[in-house]
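Asks: Take a look at the following structure, please.
The values are calculated or read from the model by the stated rules, or taken from the named source; none is laboratory data. This structure is a prediction, so every number in the text was calculated from the model and none was measured. Using ideal geometry, Cβ is built from the backbone for each residue, glycine included, and neighbour counts are taken over all protein chains shown.
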Amino acid sequence: MRGADLVARTLSKAGVEVIFTLSGNQIMPIFDACIDAGIRLIHTRHEGAAVYMAEAYAQLTGRVGVAMTTAAPGFASGLGPLYTARMSESPIILLSGDSPLCQDGKGAFPGADRGGGRAHGRRSRRGRPTAQASALSPRISTLAGACGNRTHPPGF
């Protein structure tokens, strides 16, 4: 089983039915896994738009909105809207691609330190786990918890 399959299955089990996204090489395996899991992908023309759409979805439905972007520049383009969603207390998840671990420090496109830009970043790229299982396990449980913790839109 690929990590992408694990992410898609977890999202599906948590009730995620739609993801707002702009495609990129680093997230294509998750695209395939989401299609297999029956999760609808809504393509946007800008990463920020994907995050804003996920926020609108969350506010209108009371469910968690999910946005997905490609690595580095795509992730950076979603940070402003992510901050806005945080200040609105909108329940959203922003998933992002990244360069392969084996290419860290070798100038892989697009490699960037995402640790400093995350709303609740806990480690930089230098501190990334090197084993797939250790990298996915805590993130998947966090993802499942985030999808189940909100029962109504903010302000209701």
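Asks: Give me a count of the residues in segment 1-40 that are crowded, with 16+ Cβ neighbours inside 10 Å, aliphatic (A, V, I, L, M) and more than 16 Å from Phe75 (Cα to Cα). I'd like the intermediate steps shown before the answer.
Replies: Filtering segment 1-40 down to residues crowded, with 16+ Cβ neighbours inside 10 Å leaves 3-12, 14, 16, 18-24, 26-27, 29-31, 33-34, 37, 39.
If we keep only those that are aliphatic (A, V, I, L, M) as well, we get 4, 6-8, 11, 14, 16, 18-19, 22, 27, 30, 33, 37, 39.
Right, trim to more than 16 Å from Phe75 (Cα to Cα) and you get 4, 6-8, 11, 14, 16, 18, 33, 37, 39.
Counting residues in segment 1-40 that are crowded, with 16+ Cβ neighbours inside 10 Å, aliphatic (A, V, I, L, M) and more than 16 Å from Phe75 (Cα to Cα) gives 11.
Asks: Considering every residue within segment 82-92, establish whether at least one is surrounded by 22 or more Cβ atoms within 10 Å (Cβ to Cβ), hydrophobic (A, V, I, L, M, F, W, C) and in a strand (DSSP E or B).
Replies: Within segment 82-92, one or more residues are surrounded by 22 or more Cβ atoms within 10 Å (Cβ to Cβ), hydrophobic (A, V, I, L, M, F, W, C) and in a strand (DSSP E or B).
Asks: Does Pro129 satisfy the criteria of being in contact with a Pro (Cβ under 8 Å, 6 or more places away or on another chain), surrounded by 14 or more Cβ atoms within 10 Å (Cβ to Cβ) and either modelled with pLDDT under 95 or part of a loop (DSSP other than H, G, I, E, B) (or both)?
Replies: Details: in contact with a Pro (Cβ under 8 Å, 6 or more places away or on another chain): no; surrounded by 14 or more Cβ atoms within 10 Å (Cβ to Cβ): yes; either modelled with pLDDT under 95 or part of a loop (DSSP other than H, G, I, E, B) (or both): yes.
Criteria not met by Pro129.
Asks: Another question, then. Among the residues of segment 66-78, count how many are in contact (Cβ under 8 Å) with a residue 40 or more places away in the chain and at negative phi.
Replies: Counting residues in segment 66-78 that are in contact (Cβ under 8 Å) with a residue 40 or more places away in the chain and at negative phi gives 9.
Asks: Could you tell me which residue of segment 49-77 is nearest to the chain's Cα centre (by Cα), considering only residues that are buried (at least 21 other Cβ atoms within 10 Å of the Cβ), modelled with pLDDT of 95 or more and of a type in the set (Gly, Ala, Ser)?
Replies: Ala67
Asks: So, Asp32, is that one touching a helix residue (DSSP H, G or I) at 6+ places or on another chain (Cβ under 6 Å) and either within 17 Å of Ser96 (Cα to Cα) or modelled with pLDDT of 95 or more (or both) or not?
Replies: Details: touching a helix residue (DSSP H, G or I) at 6+ places or on another chain (Cβ under 6 Å): no; either within 17 Å of Ser96 (Cα to Cα) or modelled with pLDDT of 95 or more (or both): yes.
No, not satisfied.
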